[in-house]
Amino acid sequence: MVHAHMTAWFLAIILFFVALGLHKSGKQKGFKVLKMILRVLYILILATGLGLIFSLANISFLYIVKVVVGLWVIALVEIILGRTAKGENTKVLWIQFVIALILVLYLGFALPLGTYIF
Ligand code: HEM
């Protein structure tokens, strides 16, 4: 489950940047397709993340924070892509994205399941 979760979010982050690249180079069709693929990946990230949560005997506070920040990253990816498509300002969202991503990676690797780095 940890590996499925890792694969899903890793792919989503890569495809997020590919989508932004496609938008920048004017390939709107590819951009739209990637947005749809990303939505499937959100579901996979969520399902595998919830699978991990439900595999625990007791859910500590840090796990709740991990879930909330994980959801925050997904929301930011979706909003940044939406605003970019409309040509709106995304600066504040990017700042939040960097902070949330660092936080979710830290929490993921600091919590006991799977890879335990910090
Ligand atoms: C894009 C968003 C997300 C990223 C980048 C992310 C990243 C990570 C990383 C790096 C790990 C550690 C894997 C390991 O230890 O080998 C992890 C574990 C986990 N994630 Fe996520 N995650 C995201 C979204 C979510 C969501 C939405 C949920 C809940 C619904 C969730 C729940 C969990 C749980 C429960 C774990 C196990 C924590 C542990 O190591 O004990 N994640 N995640």
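What to note about this one:
- Considering only 21, 87, 108, the mean-square fluctuation computed in a Gaussian network model of the chain, springs between alpha carbons under 10 angstrom, is largest for 87.
- Relative contact order (percent, whole number), the chain, Cα cutoff 8 Å, 6+ residue spacing: 25
- With every protein chain in place, the chain: carbon and sulfur % of accessible area (1.4 Å): 75
- Across 69, 18, 92, mean-square fluctuation computed from a Gaussian network of the chain (C-alpha pairs under 10 Å connected) peaks at 92.
- Accessible solvent surface per residue of the chain, calculated while the other protein chains remain in place, 1.4 angstrom probe, Å²: 62
- Lysine pairs meeting the criterion (Cα under 15 Å, 8 or more apart or interchain), as found in segment 2-110: 8
The values are calculated or read from the model by the stated rules, or taken from the named source; none is laboratory data. These figures come from a predicted structure and were not determined experimentally. When the accessible area is computed, the model is the full protein with side chains, heavy atoms only, and any ligands, DNA or RNA have been set aside. Shrake-Rupley method; radii C 1.70, N 1.55, O 1.52, S 1.80 Å.
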